[in-house]
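Quick note: the coordinates plus some simple rules give every number you see, no bench work behind them. Worth saying up front: this structure is predicted, and the values here are computed from it rather than measured. As a convention, Cβ positions derive from the backbone with ideal geometry for all residues, glycine included, and neighbour counts pool all protein chains shown.
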Amino acid sequence: VDAVDADDVRPVERLFVGDPQVSEAIYQLAKAAREGSSLQREVRVPGGADGSEARWLRFRVRPLQESGAYARWTAWTIGDVTRERARQEDFFVELRDAIDFLDHAPVGFFSVDPKGKVSYINATLAGWLDYDLAQVGSGDLKLTDIVAGEGGALLAPMPGEPGNVKTDVHDIDLKTRGGRTVPMRLYHKVAFAADGTPGGSRTVVLSRAREEVADPARTAEVRFVRFFHNTPMAIATV
């Protein structure tokens with residue numbers, strides 16, 4: 001930390017205050033220190049803009065003595081365990097690459113939890129719908145924000161056979177942030193828990209906006225399905 005004398009020494013809480021990856025662990029360790037407890041955390045510190053590689057740091061905090069004059073003193077130790085965690089670092093790199101592949105796939109992808117919140121949307125679909133990924137990551141995007149008309153009812157969670165996996169294909173309209181509708185084909189997959197409750201969806205989205213359908217019958221079918229789900233009249237089939 002480039003400390004020359006005692007005046008340059010900073011508390012551990014301030015040493016990593018600008019790193020969000022470490023701040024939560026430091027908070028937990030500092031809380032344990034105030035309570036006279038021992039605690040250990042291992043944290044991944046990402047590489048810097050200067051090209052430095054990511055590191056794994058092991059933080060430990062413990063009372064200097066269990067009792068006596070130094071019982072209220074705290075010993076902090078910080079060790080670099082990057083070599084020990086090389087396998088985990090390789091995993092992080094592979095995971096980062098996998099997310100990048102998914103984000104920029106030529107198809108859209110999103111996941112919705114049972115409460116209707118969009119928990120993930122890839123960059124391709126976000127671009128089609130004119131959404132900022134940073135906004136999506138805040139957790140404010142709902143299924144009703146991206147599905148036009150009554151199409152959301154087709155994707156609403158409902159109980160299923162315990163342990164079963166159900167995949168449906170839907171031709172519905174999604175809507176952009178500005179309200180413009182875009183025809184899409186959705187491959188909507190939901191897995192059910194042992195009690196039959198649905199988990200988060202896995203939905204692949206294909207854009208039909210620029211699709212040229214050679215089969216006139218199929219074109220008519222798609223148009224009818226879109227009309228059926230967006231009509232302002234209540235319709236039911238028995």
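Please give the length that would be gained between Q88 and A75 if that part of the chain were fully extended, namely 0.36 nm times their separation in residues minus their C-alpha to C-alpha distance (nm, one decimal).
Gain in length upon complete extension: 1.9 nm.
May I ask you to derive the relative contact order of segment 53-186, considering only C-alpha pairs under 8 Å and at least 6 residues apart, and to give it as an integer percent?
14 percent
Just subtract the alpha-carbon distance of D50 and A193 from 0.36 nm times their residue separation and send over the number in nm, one decimal.
46.8 nm
Could you tell me the distance between the Cα centroids of segment 144-207 and segment 77-131, to the nearest Å?
21 Å
Given just the C-alpha atoms of segment 34-191, how large is their convex hull per residue in cubic angstrom?
Hull volume over Cα atoms, normalised by residue count, gives 211 Å³.
Quick check for me: using +1 on Lys/Arg Cβ and -1 on Asp/Glu Cβ, what's the dipole size of segment 29-158 about its Cα centre, in debye to the nearest 20?
940 debye
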